[in-house]
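Scroll down for the structure; my scribbles are underneath it.
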Amino acid sequence: MATDIPALDRRDVVRGLLEDRGNLLVVAGLGASAWDITAAGDCATNFPLWGGMGGAAMIGLGLALAQPDRRVLVITGDGEMLMGLGALCTIAVQSPPNLAVVVLDNEHYSETGGQETATRHGVDLVAIARGAGIGDCRAVHGAQEIGPLRNAIHATTAPLFAVVKIATGNHPLVLPPREGAFLTARFREAVLGPAAHHQL
Ligand SMILES: Cc1ncc(C[n+]2csc(CCOP(=O)(O)OP(=O)(O)O)c2C)c(N)n1
Ligand SMILES: [Mg+2]
């Protein structure tokens, strides 16, 4: 890690970010981020991704545009974010006021055995997001910054992008429901109400 501050524990970070979440809609990138949001409490307004890699921020963007009255938080890994960097440009251009993207950066692809990602080699996702044109871009290293980040997520007037440096190492799996169709239907009903069933 590039800093002397002890790296944060991912479960503590996610639990902190999701405290008092109200009706926040949460999309999680595949793998460990999905286990983290589930460990913080599975619910119908969680949309954990199981397979597709590189699409979490774009799913969050679509959701934020389609649901302008709801707040949307994407929580994903550095590897997942690196696979879909173009999303940052589209988010900046579309500029939804209700979208926040938080990258849990352990500088590794932890889920598949701990291979190093580009952030391990100096690639700066905050600088990339800023260069894309996202106004509020943050690098988070300390536990004391999580509360303010959570508050900012609930008060955005333009897209927010944050990279939280986290420790390497895996936690016990806490798996969300496995069935993609179930997760989609559950999420749609939570967002749209019973009308969701007539729009499939
Ligand atoms: C297109 C594609 N390539 C590779 C994988 C395998 N894969 C699943 S999770 C993962 C690592 C994700 O790394 P990161 O986003 O940094 O999350 P971490 O586990 O480190 O929190 C990989 C490579 C996949 N599911 N899809
Ligand atoms: Mg990672």
Completion exercise
Those helices of the chain passing the 30 Å axial Cα length cut-off and the mean Kyte-Doolittle cut-off of 1.0 (DSSP H runs only) are none
Problem - Student exercise, the range 30-128 dipole from Lys, Arg, Asp, Glu Cβ charges, in Debye to nearest 20 - result: 320
Fill in the blank from the handout: Descending packing, highest mean Cβ count within 10 Å first, for 155-166, 13-24 is 155-166, 13-24
Problem - residue 47 long-range amide H proximity, modeled H, under 5 Å - result: 26, 27, 28
Handout entry: Residue order for 50, 35 - accessible surface, 1.4 angstrom probe, largest first
Key = 50, 35
Completion exercise
Connecting every pair of Cα atoms under 10 Å apart in the chain and solving the GNM, the largest mean-square fluctuation among 154, 108, 121 falls on 121
Handout entry: Radius 10 Å from Cβ of residue 125, net charge of other residues (Lys, Arg +1; Asp, Glu -1)
Key = -2
Fill in the blank from the handout: Phi-derived 3J(HN,Hα) across the range 46-52 with the Karplus relation (6.51, -1.76, 1.60, θ = phi - 60°), rounded Hz, x for Gly and Pro, is 9, 10, x, 8, 9, x, x
Completion exercise
Using eta = 1.002 mPa s and T = 20 °C, Stokes-Einstein with Kirkwood Rh from Cα pairs puts D for the range 10-192, in µm² s⁻¹, at 134
Practice task
Tell me the GluC sites (Glu not before Pro) within the range 127-200 that lie in a loop according to DSSP and have at most 15 other beta-carbon atoms within 10 Å.
Solution key: 179
Problem - Relative contact order (percent, whole number), the range 10-192, Cα cutoff 8 Å, 6+ residue spacing - result: 26
Completion exercise
Bounding extents of the range 84-127 in its principal axis frame from Cα atoms, largest first in Å, are 35, 19, 13
Handout entry: Over the chain: helical MRE at 222 nm, DSSP H runs n ≥ 4 each giving -39500 (n - 2.57), nearest 500
Key = -10000 deg cm²/dmol
Handout entry: Total charge dipole magnitude, the chain, about the Cα centre, Cβ charges on Lys, Arg, Asp, Glu only, Debye to nearest 20
Key = 400
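The values are calculated or read from the model by the stated rules, or taken from the named source; none is laboratory data. None of these values were measured; they are calculated from a predicted model. Cβ coordinates were reconstructed from backbone atoms using ideal geometry, including for glycine residues, and neighbour counts include every protein chain displayed. Just the protein is used for accessible areas: all its heavy atoms, side chains included, with ligands, DNA and RNA removed. Shrake-Rupley method; radii C 1.70, N 1.55, O 1.52, S 1.80 Å.
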